[in-house]
Amino acid sequence: MTLQLLVAAMNKEAMELAQEMQIESDAIIVSQCDHYSYEEILYKEHKIRCFAMAEKGVGLSRNTSLMRADADIILFADEDIVYQEGYAEAVLQEFASHPKADMLLFNVKAVPGRETYHTESFGRVRWYNCGRYPAYSIAVRKEALEDVCGYLNNWADMVIIRHHDINVIEKMSQNLSVHKKETSCVKFRRNTT
């Protein structure tokens, strides 16, 4: 099993951020800044892929990294999280111990003023209590689009999908049982250029 951090950052250089966060796994860093660039670096023998993007928004950063994730387990991260030594092995061990879990939440020790909900027990997260956990405490198994659509079918009455590749949207729509409604204000067009 492999682990990859998905880091949302602002105006950060990859090597500096890897050192500050004490990264010891592969990672994808999306840094919001004033230009576009891409680089790959090796840090402690781990591949870190770095995307500089001029667009703003933590959701866009997370989606950008999620589209490019290629590990079995994905751990969401923010630039101000400092990981303890051994975090990668600990996360992978928890997934090995819970083979049916698609998502695990981890307690993260935060600086004063940024504390979040802390739990001592193992249990299922439900729709009514999921909002108390920050994104940086979430680790998930990377799933096929069909699995994601299965989840959406259980929880969503409407789905808005935004993706640069129409084939991904078409594949998702084939696997969704959410009502499809034709409207005059939305039209999907395949880009042929």
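The values are calculated or read from the model by the stated rules, or taken from the named source; none is laboratory data. Computed from a prediction, not measured in an experiment: that's the story for all the values here. SASA here: full protein model, heavy atoms, side chains in, ligands and nucleic acids out. Shrake-Rupley method; radii C 1.70, N 1.55, O 1.52, S 1.80 Å.
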request  = Using only the C-alpha atoms of region 55-109, find the volume of their convex hull and express it per residue in Å³.
outcome  = 108
ask   = Using a 1.4 Å probe, how large is the accessible area of ARG68, given in Å² and rounded to the nearest 10?
value = 80
ask   = Over all pairs of distinct alpha carbons, what does the Kirkwood formula give as the hydrodynamic radius of region 1-116, in Å?
value = 14.6
key: Accessible surface, 1.4 Å probe, highest first, among residues PHE95, PHE122, PHE76   = PHE122, PHE76, PHE95
remark   = Sorted by chain and number, the residues with a modelled amide H under 5 Å from that of THR2, at a separation of 5 or more or across chains, are ASP72, ILE73
Globularity ratio of region 42-84, using Cα Rg and 2.2 N^0.38 Å = 1.26
